[in-house]
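Worksheet for the structure shown next.
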Amino acid sequence: MAVKLTDKDIARIARALAEPRRFQVLKEIGAAKGGTIACSDLREHHKVTAATLSHHLKELEIAGLIETTREGKFMTIALKRDVLDAYLGQLQKI
């Protein structure tokens with residue numbers, strides 16, 4: 001089933017991706033094998049505090065672009081490709 005995005009969803013995604021670090025993080029998640037990456041791997045690539053990275057991930061999650069899975073103290077992040085594709089499809093209609 002195709003993802004339907006509202007205008008509010010599209011605006012939320014656009015705001016999330018307007019921040020360069022979040023855009024880069026999303027690219028890295030998408031480029032990872034299977035579209036998932038461990039949070040610790042992201043942390044190695046971005047020289048920011050854990051709190052800053054957490055904030056950026058939360059914004060991407062609120063926008064619906066990623067989902068996180070926690071197992072104990074470890075977190076895995078997955079790209080929600082269907083949401084990203086729906087967003088890109090809406091942009092193409094402009």
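Values in this text are rule-based calculations from the coordinates and carry no lab data. Worth saying up front: this structure is predicted, and the values here are computed from it rather than measured. Neighbour counts are summed over all protein chains in view; Cβ atoms, including those assigned to glycine, are modelled from backbone coordinates with ideal geometry.
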### Message
Within 13 Å, Cβ to Cβ, of Leu65, how many net charges do the neighbouring residues add up to if Lys/Arg are +1 and Asp/Glu are -1?
### Response
-1
#### Entry: Cut-off 15 Å between beta-carbons: net charge of the residues surrounding Val3, Lys and Arg +1, Asp and Glu -1
+1
### Message
Given an 8 Å cut-off on Cα distances and at least 6 residues of separation, report the relative contact order of the chain as a percent.
### Response
34
#### Entry: Label of the coordinate-derived value, volume of the Cα convex hull per residue in Å³, listed as (1) 93; (2) 121; (3) 105
(3)
